[in-house]
Amino acid sequence: MVTRMESNSHTEDKNIPLKKIKQVLDGTRFKEFIHIEETGSTNADLVLKASQVSDDLVLVADHQTAGKGRLGRVWESPERLNLLCSFLLTPKWSKDKDLLVTSSLALGVVNYLSTIGVSALVKWPNDIVIPESKDKKISGILAEQVSGEIERIVVGIGVNVSWPPSDDEGPEDAISLKMLGLPFDRWVVLTGIIENFEKQLGVLEESNGSATLRQEHIAHSATIGNEIKVETANRNIFGLAKDITEEGFLVVSDGRQDLQISVGDVVNLRKNNQD
Ligand code: BT5
């Protein structure tokens, strides 16, 4: 089903390939696609909606006035140029796999990008970066748990598609498909990501899904093998990024012991096989 969300929705927008989106959704758990012209944050909208609807769904906004990153940070994007999308999910997996929703979406995006010739990696925990462009960030992911009678998860993704509109304005440390020479339409990117995310959620649901995702994450990691700094809430940890656990934790060896980190920001200090 394809619907409008609020009165300012532009679902009638002729540029949105609703037929194609519906076709793609038909093969997935997502029962509904909602498009909205402007909102604060698509994640915040779905967190509110989680108690009102039981279906899993996809929400896309043309513009966010308060796009959220992790830990109170901001996700920036000009109107209509990039993909701003959130998914509402009902976990069919055990709670210990919840953290893996972020890596499932990240790997889905990396797999999709490879189909259009873009080699991308996952910078733990939630960034998609382009190694050939000094690890500039093309996409970020934010997952939020919504407690209630039935647990729900909202996972949002921003993908830089056609940013910047002209050659001279560009986001610092960010890169887009357009900057990589790929003039893509955000709706094409959306359908590709939905298909690939659904596949990864299928993997997550398998009994050995955590192990499979761990291996895939390590194989597509921009973090493992590097000397890193991890900024956590109470301290900075310096060491070698050694491993990712089946729960999605980063394992860092600080020279004395291996530490498992569930939340933090990674700064790559020295890359493996470089310098
Ligand atoms: C993220 O946070 O990367 C998660 C971003 C999730 C955004 C989506 S958009 C749809 C959905 N609705 C929302 O409200 N959010 C989600 P974090 O790891 O904290 O990174 C945030 C940092 O990335 C910022 O502090 C900037 O440095 C940088 N940044 C902001 N906008 C960017 C962009 N468009 N491209 C690359 N980097 C960006």
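Laid out as a table, the results:
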{"item": "Filtered residues of the stretch 37-68 (kept if open to solvent by less than 20 Å² (accessible area, probe 1.4 Å) and within 7 Å of the ligand (Cβ to nearest atom))", "result": "S41, T42, N43, G67"}
{"item": "Whichever residue in the stretch 111-141 is assigned to a helix (DSSP H, G or I) and more than 15 Å from the ligand (Cβ to nearest atom) and, among such residues, is farthest from K229 (Cα to Cα)", "result": "T115"}
{"item": "Which numbered condition Q200 fails, given (1) assigned to a loop (DSSP other than H, G, I, E, B); (2) surrounded by 22 or more Cβ atoms within 10 Å (Cβ to Cβ); (3) more than 16 Å from the ligand (Cβ to nearest atom)", "result": "(1)"}
{"item": "Of all residues making up the stretch 61-84, the number that are more than 13 Å from the chain's Cα centre (by Cα) and part of a helix (DSSP H, G or I)", "result": "2"}
{"item": "Members of the stretch 178-196 that are over 17 Å from P164 (Cβ atoms) and open to solvent by 40 Å² or more (accessible area, probe 1.4 Å)", "result": "V188, E195"}
{"item": "Every residue from the stretch 72-119 that is among the aliphatic types (A, V, I, L, M) and without any contact (Cβ under 8 Å) to a residue 60 or more places away in the chain", "result": "V74, L113"}
{"item": "Matching option when the condition is touching a residue at least 60 places away in the same chain (Cβ under 8 Å), more than 23 Å from I21 (Cβ to Cβ), within 13 Å of the ligand (Cβ to nearest atom) and surrounded by fewer than 21 Cβ atoms within 10 Å (Cβ to Cβ), among E151, E144, E172", "result": "E144"}
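The values are calculated or read from the model by the stated rules, or taken from the named source; none is laboratory data. Because the structure is predicted, anything quoted here is derived from the model rather than measured. When we count neighbours, we look across all protein chains shown, and the Cβ atoms used for this are built from the backbone with ideal geometry, even at glycine. Surface accessibility is based on the protein's heavy atoms, side chains included, excluding ligands, DNA and RNA. Shrake-Rupley method; radii C 1.70, N 1.55, O 1.52, S 1.80 Å.
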